[in-house]
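Since the structure comes first, as structure tokens, the remarks are kept for the end.
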Amino acid sequence: GKGTLVGQWHMVMWYGATATADIYISFTEEGTFDLYQRIYSPAYEHYSGTYTYHNNVLSGKYSDNQPWASEYDAFFSTDGRMTLTSTSSTSDISVYEKTTIPDEILSGMLTPSTQSRANEESFRFL
């Protein structure tokens with residue numbers, strides 16, 4: 001259920017990967033998410049927005065109203081891992097473990113000012 005989804009996650013595997021990525025995601029009970037991604041860039045980028053989780057399908061949109069690139073089928077295994085499989089590209093599969101997101105990532109210490117990059121269209125993991 002949704003309670004299984006809520007929490008902080010760290011990606012441990014990405015099948016069909018086209019890049020090296022380090023991904024942390026947190027989901028709240030209230031239906032918001034925070035995504036911390038390091039892909040194609042030396043620092044973490046932070047995105048936030050809202051998500052819906054219904055019948056094991058996870059979807060969302062960013063705070064600027066841009067929808068996620070895909071919806072995802074969420075599967076929770078008995079060892080506590082979460083597997084997200086894109087519904088539009090079944091080769092896009094990522095696996096996560098529950099974690100505590102490091103403070104230096106949450107605080108943005110590892111992230112350059114996003115203001116300077118606001119006008120650039122950057123790749124978003126979800």
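Key figures
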read-out	value
Considering residues of the stretch 47-71 that are among the hydrophobic types (A, V, I, L, M, F, W, C) and in a strand (DSSP E or B) only, the residue most open to solvent (accessible area, probe 1.4 Å)	57
Residue 60 being modelled with pLDDT of 95 or more and either under 14 Å from residue 124 (Cα atoms) or more than 14 Å from the chain's Cα centre (by Cα) (or both)	yes
The stretch 80-96, residues that are surrounded by fewer than 16 Cβ atoms within 10 Å (Cβ to Cβ) and within 14 Å of residue 5 (Cα to Cα)	80, 81
Odd one out for residue 43 among (1) open to solvent by 20 Å² or more (accessible area, probe 1.4 Å); (2) more than 14 Å from the chain's Cα centre (by Cα)	(1)
Flag if residue 74 is in contact with a Phe, Trp or Tyr (Cβ under 9 Å, 6 or more places away or on another chain), assigned to a loop (DSSP other than H, G, I, E, B) and open to solvent by less than 40 Å² (accessible area, probe 1.4 Å)	no
Contacts under 9 angstrom Cβ, first residue in the stretch 16-44 being small (Gly, Ala, Ser), partner modelled with pLDDT of 95 or more and exposed (fewer than 13 other Cβ atoms within 10 Å of the Cβ), 6 or more apart	31/52
Of all residues in the stretch 1-38 being of a type in the set (Val, Ile, Thr) and in contact with a Phe, Trp or Tyr (Cβ under 6 Å, 6 or more places away or on another chain), the one that is surrounded by the most Cβ atoms within 10 Å (Cβ to Cβ)	25
Residue 101 vs. criteria surrounded by 13 or more Cβ atoms within 10 Å (Cβ to Cβ), part of a loop (DSSP other than H, G, I, E, B), among the β-branched types (Val, Ile, Thr) and touching a Phe, Trp or Tyr at 6+ places or on another chain (Cβ under 8 Å)	yes
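The values are calculated or read from the model by the stated rules, or taken from the named source; none is laboratory data. What you are looking at is a predicted structure, and each value in this text was computed from that prediction instead of being measured. A quick note on method: Cβ atoms are made from the backbone with ideal geometry, for glycine too, and the neighbour counts reach across all protein chains shown. Accessible surface areas use protein heavy atoms only, side chains included; no ligands, DNA or RNA. Shrake-Rupley method; radii C 1.70, N 1.55, O 1.52, S 1.80 Å.
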